[in-house]
Amino acid sequence: MSDCIFCKIVNGDIPSSKVFEDDDILVFKDINPVAPVHLLAIPKKHIASLAEATPEDNAVMGKLLQVGSQMAIEQGCTDGFRTLINTGRVGRQEVYHLHVHFVGGPEVLPPMLKR
Ligand code: 5GP
Ligand code: ZN
């Protein structure tokens, strides 16, 4: 996807602070962190959102969670973290290239949603 910002990060057209890369996925630091640790784990393949993921994406989805978790711990989330995927308009997704947020740090995070 030529106009996708995360595809441009995958291609190296836009710089990012990478913490992990292999043939399938990339993990990098969010440019506007909401906590001391805020990583994004993305598939290198353009998948617009979780709603567009297919059964053939199951392996890469598992890898995003497993590797992203290890990277969050390595970056300082030794006592837990929050994992979040925003999907579509209702989920307030801003970048339409599937990404998993890993958010944490030393402090306990606020409640996930206001009631
Ligand atoms: P969403 O709301 O789609 O779940 O989250 C998109 C995330 O991407 C936001 O947290 C935003 O800060 C991050 N982001 C947007 N553009 C860039 C960028 O160019 N580089 C990096 N590292 N993060 C970005
Ligand atoms: Zn993309």
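Taken together, the values in this text are just the output of simple stated rules run on the coordinates, not laboratory data. All values reported here derive from a predicted model rather than from experimental measurement. Please note: Cβ atoms are built from the backbone with ideal geometry, for glycine as well, and neighbour counts cover all protein chains shown.
Over every Cα atom in the range 40-101, the radius of gyration and the widest Cα-Cα span, Dmax, amount to 12.1, 33 Å. Average projection, convex hull of the Cα set of the chain: 7.5 square nanometres. With contacts taken as Cα pairs under 8 Å at a separation of at least 6 residues, the chain carries a relative contact order of 29 percent.
Listing VAL37, VAL95 from fewest to most neighbouring C-beta atoms within 10 Å gives VAL95, VAL37.
A Förster radius of 41 Å, combined with the Cβ-Cβ distance separating ARG92 from LYS18, puts the computed FRET efficiency at roughly 0.95. Taking label positions 7 Å along the Cα-Cβ direction at both ASN58 and HIS46, the computed distance is 2.7 nm, reported to one decimal. Rounded to the nearest 10 degrees, what's the angle between the helix 58-74 long axis and the longest principal axis of the chain, both from Cα atoms, 0 to 90? That helix lies at roughly 40 degrees to the long axis. By the count of neighbouring beta-carbon atoms within 10 Å, fewest first, PHE20, PHE81 end up ordered PHE20, PHE81. Lys-Lys pairs in the chain that are eight or more residues apart or on separate chains and whose Cα atoms lie under 29 Å of each other come to 15. By the gyration tensor of its Cα atoms, with a ≥ b ≥ c the square roots of the eigenvalues, what is the shape of the range 69-115: rounded for a/c under 1.5, prolate for a/b over b/c, or oblate? Judged from the Cα gyration tensor, the range 69-115 comes out oblate (a/c at least 1.5, b/c at or above a/b). The ranking of THR87, THR78, THR54 from fewest to most other beta carbons within 10 Å of each one's beta carbon is THR54, THR78, THR87.
Put a dot 7 Å past the Cα of GLN70, heading toward its Cβ, do the same for GLU107, and the two dots end up 3.1 nm apart.
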